[in-house]
Amino acid sequence: MSKIHFIGGEKGGVGKSVLARLLAQHHIDNNQPFTVFDTDQSHGAMLRFYGDYSRSVLLDAFEDADQLMEAALAAPQNVLVDLAAQTSAPLFRWIDQNDFLTLAADEGVGVVFWHVMDDGADGIGLLQRLVDRYGDAASYVVVQNYGRGKDFSAFRNSPARVAAEAVGARFIELPELHAATMRKVDHLAASFWAAGQSRPGGLGLMDRQRLKVWMRKANEQIASLGPVLAVQPPAESVQEWLTGAMDETSPG
């Protein structure tokens, strides 16, 4: 069945939208079904870079936030939710007041919190509070973003990491892309794939090469998560497929 992926970290500027863009491109490149929701009401990155796959959602309004579950139930897919800074409070209110994690479990929908962090102390504390809040009722992916920090030793030695490990969290490292190259990519207002193509007014050869290498390394990290992004068809669909296959091979 579907999974809903909340891509956050609460702090602004830690690279949440960059990760969301990488995940969207990963799904496109691997022909995986997905839908994106952008929570940034001022300058949503997903609406800008992956507009064909994205729609806006207002987490402050319960009826609007309900779209997340509706999308998950509409068809087996990954629902990517790019959380803008300071959207955790309305998200948690929606989750808690609707007992959403219990509902998701009852409906066979997985819930994954992606915690994107720099090497500062705030990200460690925010992760601890997230795990304390939901425990093993959800899944977690902790993303150490080397584009926003260089020394994650404090996190690796923290009680927050131990707590995350205790509930089965997965850990990946997002490599750094040369800052000037990233700025040029952002100015193109295009998907990572489109930015990497040779075209007038686009990136030069070396910038395209840096982008290609960075995306390959990032995709290796994402692919290492295995079942976290795997989506299973509902049981009845599997049975229908098996029945159809048997009919095709049965003697006429």
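The values are calculated or read from the model by the stated rules, or taken from the named source; none is laboratory data. Quantities reported herein were computed from a predicted structural model and do not represent experimental measurements. Here Cβ is always computed from backbone atoms with ideal geometry, including for glycine, and neighbour counts include all displayed protein chains. Ligands, DNA and RNA are stripped out before the accessible areas are found, and what is left, the full protein with its side chains, is counted by its heavy atoms. Shrake-Rupley method; radii C 1.70, N 1.55, O 1.52, S 1.80 Å.
Being open to solvent by less than 30 Å² (accessible area, probe 1.4 Å), of a type in the set (A, V, I, L, M) and assigned to a helix (DSSP H, G or I) narrows it down to one of 185, 143, so name that one.
185
Within region 84-108, can you find the residues that are open to solvent by 10 Å² or more (accessible area, probe 1.4 Å) and hydrophobic (A, V, I, L, M, F, W, C)?
If the condition is that a residue be open to solvent by 10 Å² or more (accessible area, probe 1.4 Å) and hydrophobic (A, V, I, L, M, F, W, C), then 84, 85, 89, 92, 101, 103, 105 are the ones that fit.
Tell me, please, whether a residue that is part of a loop (DSSP other than H, G, I, E, B) and open to solvent by 30 Å² or more (accessible area, probe 1.4 Å) can be found in region 130-140.
There is no residue in region 130-140 that is part of a loop (DSSP other than H, G, I, E, B) and open to solvent by 30 Å² or more (accessible area, probe 1.4 Å).
If only one of 11, 16 is crowded, with 22+ Cβ neighbours inside 10 Å, touching a residue at least 12 places away in the same chain (Cβ under 8 Å), charged (D, E, K, R) and out of contact with any Ser or Thr (no Cβ under 9 Å at 6 or more places or on another chain), which one is it?
None of the other options fit; the residue is 16.
Any idea how many residues of region 188-215 are in contact with a helix residue (DSSP H, G or I) (Cβ under 9 Å, 6 or more places away or on another chain), free of Cβ contacts under 8 Å to residues at least 40 places away in the same chain, within 21 Å of residue 174 (Cα to Cα) and assigned to a helix (DSSP H, G or I)?
8
Does region 1-45 hold any residues that are among the hydrophobic types (A, V, I, L, M, F, W, C) and part of a loop (DSSP other than H, G, I, E, B), and which are they?
Passing the criteria: 1, 14.
Considering region 61-74 alone, what residues qualify as being open to solvent by 20 Å² or more (accessible area, probe 1.4 Å) and either acidic (Asp, Glu) or in contact with a strand residue (DSSP E or B) (Cβ under 9 Å, 6 or more places away or on another chain) (or both)?
63, 64, 66, 67, 70, 74
Looking at 183, 148 in this structure, which one is without any contact (Cβ under 8 Å) to a residue 12 or more places away in the chain and on the phi < 0 side of the Ramachandran plot?
The match here is 183.
Against the condition out of contact with any Ser or Thr (no Cβ under 7 Å at 6 or more places or on another chain), among the acidic types (Asp, Glu) and without any contact (Cβ under 8 Å) to a residue 12 or more places away in the chain, how does residue 118 come out, does it pass?
no
I need the full set of residues from region 46-58 which are assigned to a loop (DSSP other than H, G, I, E, B), free of Cβ contacts under 8 Å to residues at least 40 places away in the same chain and open to solvent by less than 10 Å² (accessible area, probe 1.4 Å), in order please.
Correct list: 57 only.
Does residue 210 satisfy the condition of being of a type outside the set (Ser, Thr, Tyr) and farther than 30 Å from residue 125 by Cα?
Yes; evaluated as a whole, the condition is true for this residue.
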